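S.K.: This is the structure I have questions about; it appears just below.
Throughout, read-outs are computed from the coordinates displayed, never taken from laboratory work. These figures come from a predicted structure and were not determined experimentally.
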Amino acid sequence: MRVSPYDDGWLMGMETPCTSPCLRGKHGRMRTLEQVRLICAEAAHEMNRVYCQALGDFTQASWGVAEDWQRESALKGVDGVFSGNSPKASHESWLAEKAASGWKYGPVKNAETKEHPCFVPYEQLSEADKQKDFLFVSTVLAMAMSLGHPLVLNASKTALSDNLQVTPRPA
């Protein structure tokens, strides 16, 4: 039974959800690094999809029906965040991956012609597109830390540093 029209039945890399977020799965066994990677990739992909929808882009498929190349790209992004990538470094890694697989700049994302409007250096991205990178990194870190992933606790201190800005709250 689906919970919402956007639910495709995929449950964060597990056949049934855990009752409490932790590194231990539903049977009390430690989740493997691969399971944590998958959970983080799905969460970051879905965050990106929802953010794109908020901007009027409804072309992103949900994780459960996403193309293999989209899932692989998300997993590579997670690996980068686990290594300490900032949003800028995450975008530059994505750009290098896309270039290596034949993608180029295009005004509209088109997987068949391998064109993407974000196929530019980080500095040339719009603020909305920079926010996608920030949200990706933030989501991976939040999920991994919530699951108690030990490798991420150290990387999180530097991963967001190039995008963090302190804005005083109004009195």
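S.K.: Each residue of segment 64-79 in order: what ³J(HN,Hα) in whole Hz does its phi give by Karplus 6.51 cos²θ - 1.76 cosθ + 1.60, θ = phi - 60°, with x for Gly and Pro?
M.R.: x, 10, 5, 5, 4, 5, 5, 5, 4, 4, 5, 5, 5, x, 4, 4
S.K.: What are the residues whose amide H is under 5 Å from the amide H of Ser83, where those residues sit 5 or more places off or on another chain and H is modelled from the backbone?
M.R.: Close amide H contacts, sequence-distant or interchain: none at all.
S.K.: Continuing with this model, one more query. Return the ratio Rg/(2.2 N^0.38 Å) for segment 65-149, where Rg is computed over Cα atoms only.
M.R.: Normalised Cα radius of gyration, segment 65-149: 1.10.
S.K.: Pop out the ³J(HN,Hα) list for segment 41-50 in order, Karplus 6.51 cos²θ - 1.76 cosθ + 1.60 with θ = phi - 60°, rounded to Hz; leave Gly and Pro as x.
M.R.: Here the 3J(HN,Hα) series is 5, 5, 4, 5, 4, 5, 4, 4, 4, 5 Hz.
S.K.: A further question on this structure: Amide H of Glu115 versus every other amide H placed in the peptide plane: which residues, excluding those fewer than 5 positions away on the same chain, fall under 5 Å?
M.R.: HN-HN under 5 Å from Glu115: Lys104, Asn110.
S.K.: Once the piece of chain linking Glu112 and Ser126 is laid out straight, how much longer is it, given 0.36 nm per residue of separation minus the C-alpha distance between them?
M.R.: Length gained between Glu112 and Ser126: 2.6 nm.
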